[in-house]
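Student: First, the structure itself, so that you have it in front of you.
The values are calculated or read from the model by the stated rules, or taken from the named source; none is laboratory data. The shown structure was predicted, so the numbers you read here are calculated from the model rather than taken from an experiment. Cβ: placed from backbone, ideal geometry, glycine included. Neighbour counts: every protein chain shown. The accessibility values were calculated without ligands, DNA or RNA, using every heavy atom of the protein model including side chains. Shrake-Rupley method; radii C 1.70, N 1.55, O 1.52, S 1.80 Å.
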Amino acid sequence: MSKKVKNKNKKYQAVSDFTINDCANAAVAVSGKKKESVECNSTKKLVELARKSVHEVHEVLEDDPEKLPEDCEEAKIEPPENTEEFFADYCIDIWWLISEHIMPEDILRFALICRKTACVVSMAKFWSDLYHRFYSLSAGLPAHLQPRQIGKQGNLRSSVIRSLFYTYPPFKMSLSQRANRDPACLVGEHLESAWFVQKPGEKRKWTFIYTFRPRSVKKTSKKRFPAENSHVLYISTRQFRPLPQFHGHDVFLKSLTRPLAAGFSELALKLTFEDYKRNIVQTITYDSGVCVQVIDWFSPLLESTVLKLCDFSAGDSTDNTFFDD
């Protein structure tokens, strides 16, 4: 039988004759003529045409500066005029008079105008006037937010903000919407404290309270009363779950989801906590009869719900049962 011998000196010129011998790891070396890059040639031609057109424009401008080629008339851009800008620098007294008419929801915008407006907003006089402007006897303010006690137990600014959610109608109307918002807004915040309470006469109902604060906010006190910019996760359920034990370590809320419960008739609540290294440390799931609310540090719901469950002076073993964490 005759054997076919491959011709090692055969050169492939056509693109359709490309074989495995033309690859980098081929056993047989093929010396072929390199194909010139079409993109490179096209790019060079494009650059040459661009340089030629620019050169023609310069020649025309040297002869007659007001005359341009027809292709360049549409692209003609007039230089900007040298106009001077004037700024009015008002004294702080004028900004103070304007601040007397600022509504509570516009305070942040007013403070960001300039340094003088920020200085006005930082004054205690500003917050005191704002408090008396919206104060009402029929608002039902708690004792520590009454005119004689306002600002004595803490920051005047925080006390006035709390009082506005009792006296200012737009803020009062937004309370229910804020409390029933998606609790996933607390994801990423630092866990400050956690405890649970069982009310008397409700043996099958438990209340779990988690206090969170943003990562950027430092802890100011060891009290369970939520500080400024803190949030409270209020959970009411028929199922008991042990509280997370972190032994003083910094723990953050990694995720909060609402999957279906075991009976597919209601929603559950699943909390996942992580440490500062992003490692999951514990997962807690509440399955039965879960009712969730997100309570802000300035909300009146904090007074009517959370603080009543934590009133050590008013409660004893007969009134309610408190389980510490």
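Student: Per residue, how much accessible area does segment 98-212 show when a 1.4 Å probe rolls over the protein heavy atoms, in square angstrom?
Tutor: 55 Å²
Student: Would you kindly derive the ³J(HN,Hα) couplings of segment 93-106 from the backbone phi angles with the Karplus curve 6.51 cos²θ - 1.76 cosθ + 1.60 (θ = phi - 60°), listing them in order in whole Hz, with x for Gly and Pro?
Tutor: 5, 5, 5, 5, 5, 5, 5, 5, 10, 6, 7, x, 6, 9
Student: Now for a different question. Can you compute the modelled spin-label distance between His144 and Thr257, with each label point 7 Å from Cα toward Cβ, in nm?
Tutor: Between His144 and Thr257, the simple spin-label model gives 3.8 nm.
Student: Among His249, His190, what's the order by accessible area (1.4 angstrom probe), most exposed first?
Tutor: His249, His190
Student: I need the chymotrypsin sites (Phe, Trp or Tyr not before Pro) found in segment 250-302, filtered to DSSP loop residues with at most 16 other beta carbons within 10 Å of theirs.
Tutor: Filter output for segment 250-302: Phe264, Tyr276.
Student: Less than 13 Å Cβ to Cβ from Leu175, Lys/Arg counted +1 and Asp/Glu -1: what total charge do the surrounding residues give?
Tutor: +2
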